[in-house]
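I have placed the structure first, in the form of structure tokens, so that the comments after it can refer back to it.
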Protein chains: 2
Amino acid sequence: MAYRKMTRIFVESDLAPGVSLRTTAGQAHYLLSVMRMKRGDTLAVFNGRDGEFSARIAEAGHRVCTLELGERLRAQRAKGNLWLCFALLKRARVDYLVEKATELGVAELHPVITARTIASRANLDRLRANTIEAAEQSERLTVPVLHEPVTLADLIAGWSRGRRLIFCDETGQSPPIAAALKDVAGAPCAVLIGPEGGFADSELDLLRRLPFVCAVGLGPRVLRADTAALAALAVVQAVIGDWSATRSR
Amino acid sequence: MAYRKMTRIFVESDLAPGVSLRTTAGQAHYLLSVMRMKRGDTLAVFNGRDGEFSARIAEAGHRVCTLELGERLRAQRAKGNLWLCFALLKRARVDYLVEKATELGVAELHPVITARTIASRANLDRLRANTIEAAEQSERLTVPVLHEPVTLADLIAGWSRGRRLIFCDETGQSPPIAAALKDVAGAPCAVLIGPEGGFADSELDLLRRLPFVCAVGLGPRVLRADTAALAALAVVQAVIGDWSATRSR
């Protein structure tokens with residue numbers, strides 16, 4: 001049979017067999033109105049800590065559902081260790097980027113403000129909601145950690161030297177990503193993507209001097225910032241990341 | 001200096017030094033109102049056949065600009081040979097997919113109708129406009145060929161056996177893409193992505209029996225159809241495609 005997704009929701013509560021929990025109003029709307037579920041129907045819940053549990057809708061109200069937890073379906077797994085550091089983009093593109101990065105298994109999202117970043121603020125509540133929805137749909141057991149925006153200088157100043165920073169270089173001067181990744185295999189990694197206008201010269205000089213930076217090229221065409229981020233994340237996961245694992249159910 | 005994009009437009013006319021050509025009304029609006037260009041300013045034009053030429057705005061009218069061509073900036077290159085066959089998706093996602101596939105260097109786009117495809121029609125004029133805009137922005141010298149939608153059965157029936165079909169298998173039963181691609185390196189390739197609801201059992205059986213199909217897995221998470229398409233295209237280009245080339249200017 002073809003793979004079928006189970007309806008899944010992310011909750012904050014602790015999870016264990018037999019526990020009852022109450023959904024938010026938004027979750028009740030999603031389960032009853034969007035997914036057309038009824039009392040007695042079964043879904044899956046996860047909280048990022050206790051694995052994934054089967055849950056039955058015990059009471060179906062307009063503003064809240066009560067769920068009763070059944071068996072544990074999957075044990076919690078390590079959350080992965082790939083970060084994405086990305087210059088803030090316009091709303092539609094950053095929404096898309098956050099959704100896709102979640103599907104591609106990013107553990108932490110670090111919005112960055114660079115010299116040419118146009119957007120200076122991010123609606124973190126909206127982005128957080130996007131990460132939760134994407135985690136629910138992609139069968140993840142965790143939601144990525146979304147950080148407050150920081151300047152590139154502060155990001156670099158606070159960098160842990162053991163983590164390699166895969167800098168997507170749009171100038172065409174860096175080696176192709178598939179070859180360059182051989183140098184970082186086995187280390188914790190982060191992908192860094194600049195703004196639509198590119199990094200400023202002073203930023204490029206800084207990045208190229210840092211010992212933990214691995215500069216990579218993404219081919220002969222010019223990619224939009226969101227495309228570059230998704231392409232780099234996919235290649236990292238496929239070549240040195242968790243795509244060698246298979247799905248757990 | 002950081003890489004700066006030149007304003008570029010795609011035209012149908014033949015290109016040669018000294019030729020004059022007239023823009024469409026949409027292009028005149030783009031050059032004068034969006035890009036704030038004026039008479040005497042310089043841009044680049046390409047037509048998918050004759051390479052890329054410098055062009056000066058000789059007359060700037062509200063509904064048409066006249067361009068005078070200067071030197072050839074880049075010779076025409078082979079258009080690449082990677083196809084994308086994709087089950088039709090809802091409007092916003094198919095728009096995004098077509099834009100990203102163009103940036104990632106796809107030569108031909110084949111919309112496919114499968115058993116579980118929800119959208120049965122595509123606005124090919126709108127998708128064609130998306131491919132042109134993405135080609136202009138990504139420095140491509142060609143616009144991808146956009147085909148009429150066909151059923152999966154017809155796509156398979158007309159398949160040229162020399163081209164490998166990289167089938168993105170969401171059931172978790174296929175080998176990871178980076179390893180599986182070793183089997184298709186050197187051959188012309190197409191990536192095949194199913195609809196959001198997945199392929200039907202009969203379609204999966206058909207695909208797995210075909211000698212030109214290479215089934216690949218895209219990691220432990222469930223990806224949306226558009227994410228799967230972009231991720232697979234990026235990995236194909238990085239591992240066996242044209243990302244070993246560097247940018248030509």
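The values are calculated or read from the model by the stated rules, or taken from the named source; none is laboratory data. Here the structure is a predicted model, which is why all the values come from computation and not from measurement. As a convention, Cβ positions derive from the backbone with ideal geometry for all residues, glycine included, and neighbour counts pool all protein chains shown.
Here are the numbers for the structure shown:
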item	result
Cβ pairs under 6 Å, 6+ apart, first in region A:145-167 and closer than 17 Å to A:K79 by Cβ, second assigned to a loop (DSSP other than H, G, I, E, B)	A:R163/A:P188
Residue among B:A228, B:A119 that is at pLDDT 95 or above and out of contact with any Phe, Trp or Tyr (no Cβ under 6 Å at 6 or more places or on another chain)	B:A228
Residues (in contact with a strand residue (DSSP E or B) (Cβ under 9 Å, 6 or more places away or on another chain) and either outside the structural domain of A:A200 (by TED's automatic domain parsing) or among the charged types (D, E, K, R) (or both)) located in region A:105-147	A:E108, A:R116, A:R128, A:E133, A:E136, A:E139, A:R140
Matching residues, region A:148-164, being more than 21 Å from A:R224 (Cβ to Cβ) and among the aliphatic types (A, V, I, L, M)	A:V150, A:A153, A:L155, A:I156, A:A157
Some residue of region B:151-165 being touching a His at 6+ places or on another chain (Cβ under 9 Å) and outside the structural domain of B:E12 (by TED's automatic domain parsing)	yes
Number of the condition not met by A:K38 [criteria: (1) without any contact (Cβ under 8 Å) to a residue 40 or more places away in the chain; (2) farther than 18 Å from A:E12 by Cα; (3) surrounded by 18 or more Cβ atoms within 10 Å (Cβ to Cβ)]	(3)
Region B:126-144 residues that are touching a residue at least 60 places away in the same chain (Cβ under 8 Å) and under 18 Å from A:D226 (Cα atoms), paired with ones that are of a type in the set (K, R) and surrounded by fewer than 22 Cβ atoms within 10 Å (Cβ to Cβ) (beta carbon under 8 Å, 6 or more apart)	B:E136/B:R8; B:Q137/A:R224; B:Q137/B:K5; B:Q137/B:R8; B:E139/B:K5; B:E139/B:R8; B:E139/B:R247
Qualifying residue in region B:105-116 (condition: assigned to a loop (DSSP other than H, G, I, E, B) and surrounded by fewer than 16 Cβ atoms within 10 Å (Cβ to Cβ))	yes
Unique residue being within 12 Å of chain A (Cβ to nearest Cβ), under 29 Å from A:G219 (Cα atoms) and touching a Cys at 6+ places or on another chain (Cβ under 7 Å) when the list is B:L97, B:L82	B:L82
Filter pass, B:E139 being modelled with pLDDT under 95 and either on the phi > 0 side of the Ramachandran plot or aromatic (F, W, Y) (or both)	yes
Any hit, region B:11-28, residues being of a type in the set (S, T, N, Q), touching a residue at least 24 places away in the same chain (Cβ under 8 Å), surrounded by fewer than 14 Cβ atoms within 10 Å (Cβ to Cβ) and more than 30 Å from B:A190 (Cβ to Cβ)	yes
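Residues checked against (1) within 19 Å of B:G18 (Cα to Cα); (2) surrounded by 23 or more Cβ atoms within 10 Å (Cβ to Cβ):
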position: B:V45; (1), (2): yes, yes
position: B:A55; (1), (2): yes, yes
position: B:E59; (1), (2): yes, no
position: B:G80; (1), (2): no, no
position: B:A101; (1), (2): no, yes
